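First comes the structure, then the notes that go with it.
The values are calculated or read from the model by the stated rules, or taken from the named source; none is laboratory data. Just so it is clear, the model here is predicted, and its values are computed rather than measured. The protein model used for the area step is the full one, side chains on, heavy atoms only, and it has no ligands, DNA or RNA in it. Shrake-Rupley method; radii C 1.70, N 1.55, O 1.52, S 1.80 Å.
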Amino acid sequence: MIEIPEAELLRKGKMTKSPFDMTIEEEKEWQIQKQAEAKAFLFSIGQPLVYEKDGIMIAEYADGRIKRIR
């Protein structure tokens, strides 16, 4: 049996560059990508994306519905 070192099995995060080393353009692109990934993850587990827009809490669902929470 071949034993694989734990360090080779674990991978933390997907970033290839630290935010501290990014240009402004790279950071903006990274933020947009992270938002899209968070939205896709929430929808994949059946949860809405909840955020504030113009002082109103909004829930956005995978089917496109947008519902005012309060």
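Over the chain, accessible surface divided per residue gives 95 Å², non-protein components excluded, 1.4 Å probe. Within a straight-line Cα-Cα reach of under 20 Å, Lys39 can be paired with the following lysines, leaving aside sequence neighbours fewer than 8 residues apart in one chain: Lys14, Lys28, Lys53, Lys67.
With N counted as the residues of the chain, its alpha-carbon radius of gyration over 2.2 N^0.38 Å works out to 1.63.
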